[in-house]
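Below: the structure, in structure tokens.
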Amino acid sequence: MTASQHGSEVLVTPAFVRTMAAYNAEMNRRLYGAAERLPDGARRLARGAFWSSIHGTLCHLLWGDQMWMSRFDGWPKPTVIQKDSATLIADFDELRRARIAADDKISNWAERVTPQWLGEELVWFSASTNRELRQPRTLLVTHFFNHQTHHRGQAHAMITAAGEKTGDTDLFLVI
């Protein structure tokens, strides 16, 4: 099924992109605030998540954002391949600074997204699948934000299990 068969061209508008970018930035601020209150060992503790630890999951989130934004807005690609994304940045303070900078750039990009840009397809070579792919940008933008929410949920669960709180996470309570 194509994105148009799903109706995503109607659902994914510049206003949706700006809303999700704002939600992304605020949730990252809350997650990093809670993670910062944990000892470094607790952030790096293997907790059975796909990217192992809180730190590894936060690194993978930034990696994913960098990779998609390299396709959407010409950012440099991440410095490691996907399977190594949990090791993107070793120092937590450096990771937090990179996250803040990325969220600012994502918000800037979101302000520039137009219906015309969303209406086009993106063609790229995926190293993860080892082939060229072509998809509607509306679908890919939806995936971009869904990927963030998915892995932030994992990080949130690990942070909560470690005894910290992030506050509300529901979109309608955050934005």
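FYI, it's all coordinate maths here, none of it is from the lab. Given the structure is predicted, the values throughout are model-derived calculations rather than measurements. Here Cβ is always computed from backbone atoms with ideal geometry, including for glycine, and neighbour counts include all displayed protein chains.
Each peptide in 120-131, 48-59, 14-25, 93-104 gets a packing score, the mean of other Cβ atoms within 10 Å over its residues, and the list from highest to lowest is 48-59, 14-25, 93-104, 120-131.
Using helices alone, I'd like the mean residue ellipticity at 222 nm for the chain: each DSSP H run of four-plus residues gives -39500 (n - 2.57), total over residue count, nearest 500. Computed mean residue ellipticity for the chain: -19500 deg cm²/dmol.
Take every Cα-Cα pair in the chain and report what % of them are more than 26 Å apart. Every Cα pair in the chain considered, those over 26 Å come to 30 percent.
Taking every C-alpha pair closer than 8 Å and separated by at least 6 residues, the mean separation divided by the residue count of segment 15-174 gives a relative contact order of 33 percent. Largest first, the three principal axis extents of the alpha carbons in segment 60-146 are 39, 32, 21 Å in whole numbers. The order of 156, 150, going from fewest to most other C-beta atoms within 10 Å of their C-beta, is 150, 156.
For segment 6-87, the C-alpha radius of gyration sits at 1.29 times the compact-globule guess of 2.2 N^0.38 Å, with N the residue count. Between segment 48-70 and segment 75-110, the alpha-carbon centres lie 9 Å apart. Counting only Cβ charges, +1 for Lys and Arg and -1 for Asp and Glu, the dipole size of segment 15-174 around its Cα centre is about 200 debye.
Other residues with beta-carbon under 14 Å from the beta-carbon of residue 109 carry, at +1 per Lys or Arg and -1 per Asp or Glu, a net charge of 0. Across every direction, the projection of the convex hull enclosing the Cα atoms of segment 110-169 has a mean area of 6.0 nm².
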